[in-house]
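Since the structure comes first, as structure tokens, the remarks are kept for the end.
Just so it is clear, none of the values below were taken in a lab; they were calculated from the coordinates. Because the structure is a prediction, the values reported are computed rather than measured. Every residue, glycine as well, gets a Cβ built from its backbone with ideal geometry; the counts of neighbours run over all protein chains shown.
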Amino acid sequence: MIGWFFLVISSLIFFGLKISQLTFRFGDGNEYVYMASLLGQGILPYRDYFFVDPPVLILVLSFLHLVLNKTPILFQTVPVVLEIINATLLFLYLKKINNKLSFFAPVLYLFSFTVLATSDYITGVQLVICFCWFALLCMEYKKSFISGLFWGLAVCTKLYAIPLIVGWFIVTYFQKDKKQLVTLLIGFIVACLILLLPFIIMDFSHVVSYIISFHFNRPLGIDKNLIYQYFFQHEWLLLIGAFIGIVVGKKKLLFPFLFILIFFLIFPDLYYLYLDTLIAFLIFFFIEGLSALYSDYKISKELMGGIVILCYLFMLFNWFDYSNNLIPKGKFSNAIEIAEGIKKLPKHYPLYGSYEIVPLLALLSNRLIINNYVDTNPQGFTSFGQNKTIISKQVVERGSYIIGRINKVGNDVRGFEGYFDTEMFKK
């Protein structure tokens, strides 16, 4: 019972602190929510608009849109709730393998800096983690087909889940249980076929071009070394603890962890939010290591207590760092005010502009986005997934309200270049 008590208390504190800071934010999440609203109108990804990920995130958000369409701000709670579910799955997994310190995992997970930071945004990473740990937990209950279904859901949410399932297939192979491996693979294939085949049948070329080809052509983002440095600065305790756990504890999840870690090391266009997938694994190894040190290596209760105190100080520092440095960033606090202004404009013209803000404003003002050009991330144009010149010409000829995060330097207006042709803007 103590484990459930710690889980409930840590989840309530996490949820309460997050809800107290709930606000609209800039980011990809706005386009995902708008795309979910399009799905309810029969407007489909790939065939009808540019979308570079598998469809599960949009499908899940479309179901939520049936309930939350009148209160878009509540979509901001989705990553928060998913992280609580992920903490619960981690707790249940450790409990299933009889780890006596499983009660400590949820609070350590929820108040890691990376989870605090990434749970402000709808990105899909929380959903990937959720499906992966459901899959792992199902395997502990010998439900390999259902586990395969969840692995399929994870991959059909974001492709960076592929290294995890490859690692787990290798684990299952070395267990020399052919039946379990086959049923796991069948479940995975069934999920992928159900989720992807309808879109492939409707528009094969765009599915391949957007989901696969795009990722080989997109330009590099932030310097990976800066991302690794930032991650180590904020998660050093978990990294050290996980390393010790790998040495002295169980190594059951080592292959999935190593495969996703190697993938992040070699993948050229890395984003910090991807590293959220590592946190549950780091905490798993950390808790396994603590358990082994206490039960097998007989470390003193005083030393164990000192480690626990260090962890709580670490989590407290994480919260202060997050609240002082990250909560103020990314806020779209005047979204409703801008949307009210848009409502007063002539309704003949649709919207176009920055993917970080226009989809949200379109939802709040009940306006359309021209030709469903929702994803205007500059990467989509530089990778030739979309043609900026053609789209800019359509925007001009049709007439649209162009909205973006604009900077004015002297007489120069900047900030639109990624999604609108500069020469056309000057004319």
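Data overview
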item	result
Extension gain, residue 140 back to residue 175 (0.36 nm per residue minus Cα-Cα distance, nm)	11.3 nm
Kirkwood hydrodynamic radius of the chain, from inverse mean 1/r over distinct Cα pairs, in Å	23.1 Å
Computed over the range 335-426: relative contact order in percent, which uses C-alpha pairs under 8 Å that are six or more apart	32 percent
Estimated FRET transfer efficiency when R0 is 45 angstrom, pair residue 220-residue 70 (beta carbons, to 0.05)	0.65
Fewest-first ranking of 26, 131, using other Cβ atoms within 10 Å as the exposure measure	26, 131
Normalised contact order of the chain, rounded percent, pairs of Cα under 8 Å and 6 or more residues apart	21 percent
Residue among 199, 371, 258 farthest towards the positive dipole end of the chain, charges placed on Cβ	199
Contact order normalised by residue count of the range 76-205, Cα under 8 Å, 6+ apart, percent	23 percent
Cα Rg over Rh - the range 127-230, Kirkwood	1.06
For peptides 152-160, 334-342, 257-265, 359-367, sequence by mean Cβ density within 10 Å, most packed first	152-160, 359-367, 257-265, 334-342
Ranked list, fewest to most other Cβ atoms within 10 Å of each Cβ, for 348, 234, 215	348, 215, 234
Cα-centred dipole magnitude for the range 2-325, charges only on beta-carbon of K, R (+1) and D, E (-1), debye, nearest 20	1000 debye
Partners for residue 96 among aspartates and glutamates (Cα-Cα distance below 16 Å; same-chain residues under 8 apart left out)	140, 288
Cα-based reach from residue 329 at 13 Å (exclusive), listing aspartates and glutamates while leaving out same-chain residues under 8 positions away	120, 321
Cβ charges +1 (Lys, Arg) and -1 (Asp, Glu), total dipole of the range 335-426, debye	240 debye
Fewest-first ranking of 315, 35, 424, using other Cβ atoms within 10 Å as the exposure measure	424, 315, 35
Segment residue 166-residue 304, extension gain: residue separation times 0.36 nm, minus the distance between their alpha carbons	46.1 nm
Set of lysines near residue 178 by C-alpha distance (under 16 Å), chain-local residues within fewer than 8 positions excluded	142, 143
Low-density loop cleavage sites - chymotrypsin sites (Phe, Trp or Tyr not before Pro) in the range 348-427, where at most 13 other Cβ are within 10 Å (DSSP)	384
Entries in 70/344; 18/95; 70/95 that, when Cα-Cα distance is taken, lie over 30 Å	70/95
Full-extension gain in nm, residue 313 to residue 98, via 0.36 nm per residue minus C-alpha separation	74.7 nm
Inter-label distance, nm, simple model (7 Å from Cα along the C-beta direction), residue 323/residue 389	5.3 nm
Label zone at residue 254, where the point sits 7 Å out along the Cα-to-Cβ direction: the range 260-287 residues whose backbone N lies under 20 Å	260-265, 278-287
Ranked by how many other beta carbons lie within 10 Å on average, peptides 301-310, 57-66, 107-116 from highest	107-116, 57-66, 301-310
Positive-end residue of 215, 150, 127, charge dipole of the chain with Cβ unit charges	150
Helical segments meeting 20 Å axial Cα length and Kyte-Doolittle 1.6 threshold in the chain (DSSP H)	2-20, 125-140, 178-202, 276-295
R0 of 45 Å, Cβ-Cβ distance residue 347-residue 5: FRET efficiency to nearest 0.05	0.25
Positive-end extreme of charge dipole, the chain - chosen from 295, 355, 16 (charges on Cβ)	295
Dipole magnitude of the range 78-162, debye to nearest 20 (Cβ charges: Lys/Arg +1, Asp/Glu -1, about Cα centre)	340 debye
